[in-house]
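Undergrad: Submitted below is the structure of interest, expressed as structure tokens.
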Amino acid sequence: MATPAEEMAYTLSAGRAYVEELVRRGLPADRFAPRLSFFFYTYTNFFEEVAKYRAGRRIWARLLRDRYGAKEPESWRLRAACVCGGHSLTRAEPLNNIARTTLETFAVACAGVQSVFTAAYDEAFAIPPSCPRARRCACQQVVAYETEVAQTADPLGGSFFVESLTDEMERAVRAVMDEIESRGGMVECLRQGWIQQRIAQRAYEHQRAVEKGEVAVVGVNKFAHGRRGASGARPGTGAGLAGGGARRGGTGEAGEARTGRGAARAALQRLSAPRRAAGTSSARPRRGRRRTAPSVRSPRC
């Protein structure tokens, strides 16, 4: 885990390492920069996430134009994809995750990200069945078609708060990038384990803050609805989300998830059966008798 400024700094520093290597090999920046893209995570701190992407876009444009001599506007653009959900999802009271991923999706829409993956609300504890997968698609569709957020390129631009937070974020990102460069660059920092240590430290600090109640997580350390949560399910389980049928395992979302996991386990058992029958993990099939593994395919969203 990293702070928003650190996440942007690590990612742009990695991109800078690629650019420098390609320039060193004799390629002009305009030859390859338009094809570079980046991948991020997005969390529920709405304005900070918007400022993160806006600051990153500024830094990358100036870096390509002023340091590496890129002349084409296409080379200056920060093409970004992101995940909404993941670490921010909770096992307890999982329906709260719908609100989280919706806020995150709206934040990246306001920030101008090109591509977004929105996690299903139960991905903290299960492989999502069809209904949660459909809800995550609907979340993106509501943001795209009902909010009209795409009617302007920078809907929050000009806000005193957002502009000032973007300036502050830019300074913080540059400070981390400068430290990385002073340590020999991104590759050297990774080789020494410095980046990994920083990420691990931030993850520890965040978890401690959640446990102490210093960082609010609704349904976990704030406004938790008892041991069984608001839906009547124990925290961390999908039971109770689709009525009594789901709890019995015959129908509903939780039942569908259990059925899917049972099919996956059965497929894995069939895959390992030939090796167990051969009595050794190194046994190979005889020539002319090809063993075929069953195909396990997940349903489309």
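The values are calculated or read from the model by the stated rules, or taken from the named source; none is laboratory data. On a predicted model such as this, the values are computed, not experimentally measured, just so you know. Cβ sites come from the backbone with ideal geometry, for glycine too, and all protein chains shown count toward neighbours.
Undergrad: Has the range 214-222 got any residue that is in contact with a strand residue (DSSP E or B) (Cβ under 7 Å, 6 or more places away or on another chain) and surrounded by fewer than 18 Cβ atoms within 10 Å (Cβ to Cβ)?
TA: Yes; the residues of the range 214-222 include at least one that is in contact with a strand residue (DSSP E or B) (Cβ under 7 Å, 6 or more places away or on another chain) and surrounded by fewer than 18 Cβ atoms within 10 Å (Cβ to Cβ).
Undergrad: Could you tell me which of the residues A150, A172, A144 is among the small types (G, A, S), crowded, with 16+ Cβ neighbours inside 10 Å and touching a helix residue (DSSP H, G or I) at 6+ places or on another chain (Cβ under 7 Å)?
TA: Just one listed residue meets the conditions, A172.
Undergrad: Being farther than 24 Å from Q151 by Cα and of a type in the set (A, V, I, L, M) is the filter here, so list the residues in the range 69-123 that pass it.
TA: Within the range 69-123, A70, L89, A92, L95, I98, A119, A120 qualify.
Undergrad: Of all residues in the range 61-85, which are in contact with a helix residue (DSSP H, G or I) (Cβ under 6 Å, 6 or more places away or on another chain) and closer than 22 Å to C110 by Cβ?
TA: A61, W76, L78, C82, C84, G85 - these are the residues of the range 61-85 that are in contact with a helix residue (DSSP H, G or I) (Cβ under 6 Å, 6 or more places away or on another chain) and closer than 22 Å to C110 by Cβ.
Undergrad: Any idea which of E163, E93, E104 is in contact (Cβ under 8 Å) with a residue 40 or more places away in the chain, within 25 Å of R54 (Cβ to Cβ) and either in a strand (DSSP E or B) or among the acidic types (D, E) (or both)?
TA: Selected residue: E104, the only one of E163, E93, E104 that is in contact (Cβ under 8 Å) with a residue 40 or more places away in the chain, within 25 Å of R54 (Cβ to Cβ) and either in a strand (DSSP E or B) or among the acidic types (D, E) (or both).
Undergrad: Sort through E93, E49 and tell me the only one that's out of contact with any Asp or Glu (no Cβ under 6 Å at 6 or more places or on another chain) and closer than 26 Å to E168 by Cα.
TA: When all the criteria are applied, what remains is E49.
Undergrad: Among the numbered criteria (1) under 29 Å from L63 (Cα atoms); (2) modelled with pLDDT under 95; (3) hydroxyl-bearing (S, T, Y), which one does S130 miss?
TA: (1)
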